[in-house]
Amino acid sequence: MKLLNMPVDAMVVFRTEGRHPRPYKFKVKENGELITIFVDQVLSSQKNKVCGAEHILYQCQSTINGVDKRFELKYYCSKCEWQLYKM
């Protein structure tokens, strides 16, 4: 996977039985064009703390242009921001 650290606009789902938001879809800029990627499956999520900043790392999988791809999304709790971390 390639390290990207790219900020993204995300739509998430909050469930009553879960503590963490679950990513539903996000938009990423590719060649100056916004592309929407739907998150087909969340494989795992892990809460981490690095340099005092809490974040949740989601390992996900989606079908993009007919190919199954894995990627990682990061949610920074204190800033309420999403990043496409790796793809």
Worksheet item: Can you pull the three principal axis extents for the Cα set of the stretch 47-87, in Å, largest first?
Response: 39, 15, 11
Response to the item:
Env charge @ Ile35, Cβ radius under 13 Å, K,R +1 / D,E -1, value +1
Worksheet item: Between Asn31 and Ala53, what FRET efficiency follows from the Cβ-Cβ distance if R0 is 22 Å, with the result rounded to 0.05?
Response: 0.10
Fill in: Descending principal axes extents, the chain, alpha-carbon based, whole Å
35, 28, 20
Worksheet item: Under a GNM of the chain (C-alpha, springs under 10 Å), which listed residue has the highest mean-square fluctuation: Leu73, Leu43, Leu34?
Response: Leu34
Fill in: Largest-first principal axis extents of the Cα set of the stretch 6-47 (Å)
38, 17, 17
Worksheet entry | Integer Hz, Karplus 6.51/-1.76/1.60 couplings in order for the stretch 34-49, x for Gly and Pro | 7, 10, 9, 10, 8, 7, 6, 8, 9, 7, 6, 9, 9, 8, 10, 9
Worksheet item: Hey, got a sec? Which GluC sites (Glu not before Pro) in the stretch 3-87 land in a DSSP loop and have at most 12 other Cβ atoms within 10 Å?
Response: Glu17
Worksheet item: Normalised by the number of residues in the chain, what is the relative contact order in percent for Cα pairs under 8 Å and 6+ residues apart?
Response: 28
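Read-outs throughout are calculated quantities, based only on the coordinates presented, and are distinct from any laboratory measurement. Since the structure is predicted, the reported quantities are computational estimates derived from the model, not experimental observations. Quick reminder, even Gly has a Cβ in these numbers, built from the backbone with ideal geometry, and neighbours come from all protein chains shown.
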